[in-house]
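Colleague: Shown below is the structure under consideration.
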Amino acid sequence: GAFSGLGPGLQSLHLQKNQLRALPALPSLSQLELIDLSSNPFHCDCQLLPLHRWLTGLNLRVGATCATPPSARGQRVKAAAAVFEACPGWSARKAKRTPASRSSTRKTSIKGRQRGADKVGHGAGGV
């Protein structure tokens, strides 16, 4: 494809105003510090799911918005989860997230108990 020759050391990618309706995920570009996809009429459907997932994993502002379908118009590709929920493969991703969120909940409750124990300890020491 058009992006296959880009090396992992690429730090900046400017693709704004190119009339892009779709774009493949580019996970090999691991050192990107800036990516500008603004002013492209992205068609947010299941074919764009890999791009959505890739962009969601980036801690960068990308400026990509959905132009179509009408129900998604104006939504950021990165944040348009509702558009992609009906896509094949979406539930597999959601299943992977569930155990992680449960374990973080457990950690939070354990920390809460520890804080309570610390308060009791301080109170007992002061009496």
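Read-outs throughout are calculated quantities, based only on the coordinates presented, and are distinct from any laboratory measurement. Quick caveat: nothing in here was measured; it's all calculated off a predicted structure. Here the Cβ is made from the backbone with ideal geometry for all residues, glycine too, and neighbour counts use every protein chain on show.
Colleague: Of the numbered conditions (1) within 18 Å of the chain's Cα centre (by Cα); (2) touching a residue at least 40 places away in the same chain (Cβ under 8 Å), residue 79 satisfies every one except a single condition; which is it?
Modeller: Residue 79 satisfies every listed condition except (2).
Colleague: What are the residue pairs meeting all of these: first residue in region 1-14, first residue touching a residue at least 60 places away in the same chain (Cβ under 8 Å), second residue part of a loop (DSSP other than H, G, I, E, B) and among the polar types (S, T, N, Q), Cβ atoms under 6 Å, and 6 or more apart or on different chains?
Modeller: Partner pairs satisfying both residue conditions: none exist.
Colleague: Something else about it: Would you point out the residue of region 27-84, among those that are charged (D, E, K, R) and assigned to a loop (DSSP other than H, G, I, E, B), that is surrounded by the fewest Cβ atoms within 10 Å (Cβ to Cβ)?
Modeller: Selected residue: 33.
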